[in-house]
Amino acid sequence: MAKDDSYLMQNLKEIQAYFKGEPNDVEVHTVTIELPERFDAKAVKQLRKNLNVTQKTMAHLLGISPRTVESWEIGRAEPNGSSRRLLELFQKDPKIIELLKD
């Protein structure tokens, strides 16, 4: 067994002991992540217009297809978590898009 494998096995044993309530050296940290706000069709379209970009440019900035942006704007679909996060960043600081253009 490789050195990395034995380290992994030791960690797994410690985790098992923790879940069984047995004495262990496991440290537990709780992190709460705030989800980005939801963007409905109207909000996506308004943000795009505020940024003064086309659907094609918005798609490029987000790394998605223009059809996806179109789907969002007509309410057929909603942005997923990572796209929502980027939209939220664009909304908070529109200058960010200048870094992503090209």
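Working from label points 7 Å from Cα in the Cα-to-Cβ sense, the MET9 to GLN46 distance is 5.9 nm. Label separation (ARG38 vs LYS101): 3.3 nm, computed from points 7 Å beyond Cα along the C-beta direction.
Partner aspartates and glutamates whose Cα lies under 20 Å from the Cα of LYS13, excluding those fewer than 8 positions away in the same chain, are identified as ASP4, ASP5, GLU22, ASP25, GLU27. Helical runs (DSSP H, four residues minimum) scored at -39500 (n - 2.57) apiece and divided by the length of the chain put the mean residue ellipticity at 222 nm at -18000 deg cm²/dmol.
Coordinate-derived values only; no laboratory data. Worth saying up front: this structure is predicted, and the values here are computed from it rather than measured. FYI the Cβ positions are ideal-geometry reconstructions off the backbone, even for glycines, and counts take in every protein chain you see.
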